[in-house]
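The values are calculated or read from the model by the stated rules, or taken from the named source; none is laboratory data. The structure presented is a predicted model; accordingly, all values stated were derived computationally and were not measured. In this analysis, Cβ positions are derived from the backbone assuming ideal geometry, glycine residues included, and neighbour counts consider all displayed protein chains. All accessible areas refer to the heavy atoms of the entire protein, side chains included, with ligands and DNA or RNA removed. Shrake-Rupley method; radii C 1.70, N 1.55, O 1.52, S 1.80 Å.
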Amino acid sequence: MTQHYYTQNPEVEHDLRQVIFEVLGLRLNCTTDAGVFSRDGLDMGTRILLEALPELHGRILDLGCGWGPVGTALGKRYPGAQIVLTDVNSRATELAARNLAANGVTNAAVVQGDGFAAVEGGFDAIVLNPPIRAGKAVIYALFAEAANHLRADGALYIVIRKQQGAESAQKYLSSIYADVERIAREKGYWVLRCARPEEQHEAQ
């Protein structure tokens, strides 16, 4: 059976490596491994997503966190925020916890689960680089479920390449959220901000 980065328990042999990168004015030193997304370092889409984000506050969810670059960077940049990182991949969540500790991020917690399965409560921001290879049905379900986990003034932030369906994704998101805005476009990637779910039951 083929092993994907969205596999719950990757069986591929471990190959730990250190990656050092700069983003948001921070220098981060992280550990990656085989069987996780972008094991060679910070991928371009995630970098573009991070750099497009406005100033964030409150409770922030790093959805599909992988080895944790988003949650680690945001936790270090916004020490007053509360960060939750989640991923279906057990190897990824172990690395994320390790990388938070290695970079001195103490305002974050990691939980393992499929999508929102292990996540409780509402968020002021949900940040997602969707697992495109998992297929449209999977990622569109994440887009829709995020609406139920946003606080009243919260927003979902997504990065997606135009050639991988950014335009159709924006159209679908507009059927769920009253306010969908493209806040960045760079090197074929779009960053979308989605707020005000059409049928919002406010998350607490």
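Exactly one residue out of Phe123, Phe143 is aromatic (Phe, Trp, Tyr), under 16 Å from Val84 (Cβ atoms) and crowded, with 20+ Cβ neighbours inside 10 Å: that is Phe123.
Looking only at the stretch 97-119, decide whether some residue is open to solvent by less than 20 Å² (accessible area, probe 1.4 Å), farther than 21 Å from Leu26 by Cα and of a type in the set (A, V, I, L, M). Yes, the conditions are met somewhere in the stretch 97-119. Screening the candidates Leu156, Leu128, Leu150, Leu173 for the property of being out of contact with any helix residue (DSSP H, G or I) (no Cβ under 7 Å at 6 or more places or on another chain), modelled with pLDDT of 95 or more and of a type in the set (A, V, I, L, M, F, W, C) yields one hit, Leu150.
Among strands (runs of 3 or more DSSP E) entirely within the stretch 1-118, having at least 2 residues that are free of Cβ contacts under 8 Å to residues at least 24 places away in the same chain singles out 17-23. In the condition set (1) at pLDDT below 95; (2) open to solvent by 30 Å² or more (accessible area, probe 1.4 Å), Gly35 is compliant with all but (2).
Looking only at the stretch 165-184, decide whether some residue is small (Gly, Ala, Ser), in contact with a Pro (Cβ under 8 Å, 6 or more places away or on another chain) and under 25 Å from Thr93 (Cβ atoms). Checked the stretch 165-184: no residue is small (Gly, Ala, Ser), in contact with a Pro (Cβ under 8 Å, 6 or more places away or on another chain) and under 25 Å from Thr93 (Cβ atoms).
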